[in-house]
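The block underneath contains the structure these notes are about, expressed in structure tokens.
The values are calculated or read from the model by the stated rules, or taken from the named source; none is laboratory data. Model, not experiment: these values are computed from the prediction. Cβ placement follows ideal geometry from the backbone for every residue including glycine, while neighbour counts extend to all protein chains displayed. Just so you know, the surface numbers come from the protein's heavy atoms only, side chains and all, with ligands and any DNA or RNA stripped out. Shrake-Rupley method; radii C 1.70, N 1.55, O 1.52, S 1.80 Å.
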Protein chains: 2
Amino acid sequence: MNSDPDDAVFRALADSTRRRVLDLLRERPRTTGELSEQFATSRFAVMKHLQVLVAAGLVLVERRGRERWNRLNPAPIQRIQRRWLRRFDALAASAQLDLKDEIETQAASAKRRRTRA
Amino acid sequence: MNSDPDDAVFRALADSTRRRVLDLLRERPRTTGELSEQFATSRFAVMKHLQVLVAAGLVLVERRGRERWNRLNPAPIQRIQRRWLRRFDALAASAQLDLKDEIETQAASAKRRRTRA
DNA sequence: CCAACAGGTGACTATCGGGTCACATGAACA
DNA sequence: TGTTCATGTGACCCGATAGTCACCTGTTGG
């Protein structure tokens, strides 16, 4: 029901097996069978993961005879970095300071609470 | 089972409601009740989402009297960008070229297949 | 004190997601 | 041609997760 294309990418990245698949495909394209050998789970499970990755646009498929070559498409990862993750970069720069302020505020209010009690 | 701290972050980001919470907290800290008002779902659902975000280290909590102030911690997002997502930046730079090569290869092999059949 | 208020917990339900298997499809090659 | 091989599909199981609700805890402030 969520038609946001970024949502499919985030959900695809949520699984560690799928992230490992992307890491493997980063080196070079691989067939479905070749990928399956790298995992403890069954070939069918890996195929389902590939379906999720294809639906998110993270993997492109080329069929060659009876083989299926899976190729990485890094564009969606770039997209979510541009459209969403980078928003937090500026905040991170001052995070240490913010956190320090926060702890001091917390300690001060805790002291106030103790005093009144 | 999966003790990778990055995994908790990726799973936390997989839900669009949680991403909206982070967007709201990016502006300023907010109480649980204030956050709940922004969503169609119940206060309890939002609280569960906050628990997930806290477990992933994305949200820090400060209690003030009967209020709970939720504050964004951008560090985990920075971490997954550094440790994982940036690996794909270099590939993305040449993605257009790769895709072009791929399509040509595909067309050529399709032609070969047609000829042999 | 005590009533209104903000927040939190535990149990429960429904749905989703990951995993498996039996079986189907379609290409390669002797 | 027919057997072997790589891949794909559908149904099914089960644990995880999002959601709700009844009820509890602790705080505020008259």
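As a fraction of the 1.4 Å probe accessible area of the range A:1-85, surface on carbon and sulfur atoms comes out at 49 percent.
Taking the inverse of the mean 1/r over every pair of distinct Cα atoms in the range B:5-83 gives a Kirkwood hydrodynamic radius of 12.6 Å. For the rotational copies B and A, the chain B residue with its Cβ nearest the relating axis, together with that separation in Å, is B:14, 2.
Around the amide H of residue A:64, modelled in the peptide plane, lie the amide H atoms of A:69, all under 5 Å away and 5 or more residues distant in sequence or on another chain. For the residues of A:51-63, the average number of beta carbons from a partner chain within 10 Å of their own beta carbon is 1. On association of chains A and B, roughly 3600 Å² of accessible area becomes buried (total for both chains; probe 1.4 Å).
Residues in the range A:63-83, backbone N under 19 Å from the label point at residue A:37 (7 Å along the Cα-to-beta-carbon vector): list them, ranges by number please. Label zone hits: A:64-72. 3J(HN,Hα) along the range B:67-81: 9, 10, 9, 9, 10, 6, 10, x, 4, x, 5, 4, 4, 5, 5 Hz, from the Karplus curve 6.51 cos²θ - 1.76 cosθ + 1.60 with θ = phi - 60°, whole Hz, x for Gly and Pro. Straightening the chain between residue A:28 and residue A:63 buys 11.0 nm, computed as 0.36 nm per residue apart minus the Cα-Cα spacing.
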